[in-house]
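Peer 1: Before we start, here is the structure in question, set down as structure tokens.
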Amino acid sequence: MIELRDLCDEDSADLFRWRCASEVDRWLYEMPPADLAAHERWFAQFRADPDQTGWIITIKGAPCGFLTLKGLTGSQRRAQYGWYIGESEARGRGAGRAAQALGLDRAFSGFGLQKVWSEVVTGNEIALKAQAAAGFRREGYLRRHAYKNGMYQDVVLLAILQEEWAARRATVHANLIKSGLISA
């Protein structure tokens, strides 16, 4: 069963390990933290910032990934969405699809957002397909938008509106429940 749970102090070590893993890092804009101390500062700042929140993605209670919302205090009622699966054995098992649905529920019901948007580096077909399956639509394309490791990368902008998620939610949840990924 895939679930989202609130962050706790003990999650810092997993987040650091995942963030430094090449399979996670390759799809993120920023360089991984230089060391554990830099990561610990980031983790404390992240948790203290009312403009953002995050959850640990779990499979049968075991941590496997991270999902975030940023921009929660703005007057526009929109937030940026981000997620990754950190544990290699959890990839390709539906954790990302399930976590997205649970995260969208929290974004729209829990935070009252009207829009959730994301930026995905081109080439990350897994994320693009997972977000399309949840109902995200392409809203733009940013050329040479991200610079990392001496290279510029293009970025796809995606978004889903509250009413679009409301129209898809029952079907997405039914498929995830049928697949045994989330509970009813």
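Peer 1: Using a 10 angstrom cutoff on alpha carbons, build the Gaussian network for the chain and name the most mobile of I160, I56, I126.
Peer 2: Most flexible of the set in this elastic network: I126.
Peer 1: Sequence neighbours fewer than 8 away in the same chain don't count; with that in mind, list the lysines whose C-alpha is under 17 Å from K60.
Peer 2: K178
Peer 1: Next question, about the same structure. Long-range amide H contacts for L72: which residues qualify at under 5 Å (H placed 1.01 Å from N, peptide plane, sequence gap of 5 or more or a different chain)?
Peer 2: Residues meeting the criterion, in which the H sits 1.01 Å from N, are Q52.
Peer 1: Continuing with this model, one more query. Quick one: Cα centre-to-centre distance for segment 86-129 and segment 150-184, in angstrom?
Peer 2: After rounding, the separation between the Cα centres reads 6 Å.
Peer 1: Kindly identify segment 84-140 as rounded, prolate or oblate by the Cα gyration tensor criterion: order the square roots of the eigenvalues as a ≥ b ≥ c, call it rounded if a/c is under 1.5, otherwise compare a/b with b/c, prolate if a/b is larger, else oblate. Intermediate values should be presented prior to the final figure.
Peer 2: Values: a/c = 2.32, a/b = 1.27, b/c = 1.82.
Oblate.
Peer 1: Most fluctuating residue of G82, G135, G92 in a GNM of the chain with Cα springs under 10 Å: which is it?
Peer 2: The residue that fluctuates most here is G92.
Peer 1: Arrange C8, C20 by Cβ neighbour counts within 10 Å, fewest through most, would you? It would help to have the intermediate numbers written out before the result.
Peer 2: On the way: C8 9, C20 15.
By the 10 Å Cβ count, ascending: C8, C20.
Peer 1: Would you list which lysines come within 30 Å of K148, measuring only between C-alpha atoms, while excluding same-chain residues fewer than 8 positions from it?
Peer 2: K70, K115, K129
Values in this text are rule-based calculations from the coordinates and carry no lab data. None of the values given here were measured: they were computed from a predicted structure. In this analysis, Cβ positions are derived from the backbone assuming ideal geometry, glycine residues included, and neighbour counts consider all displayed protein chains.
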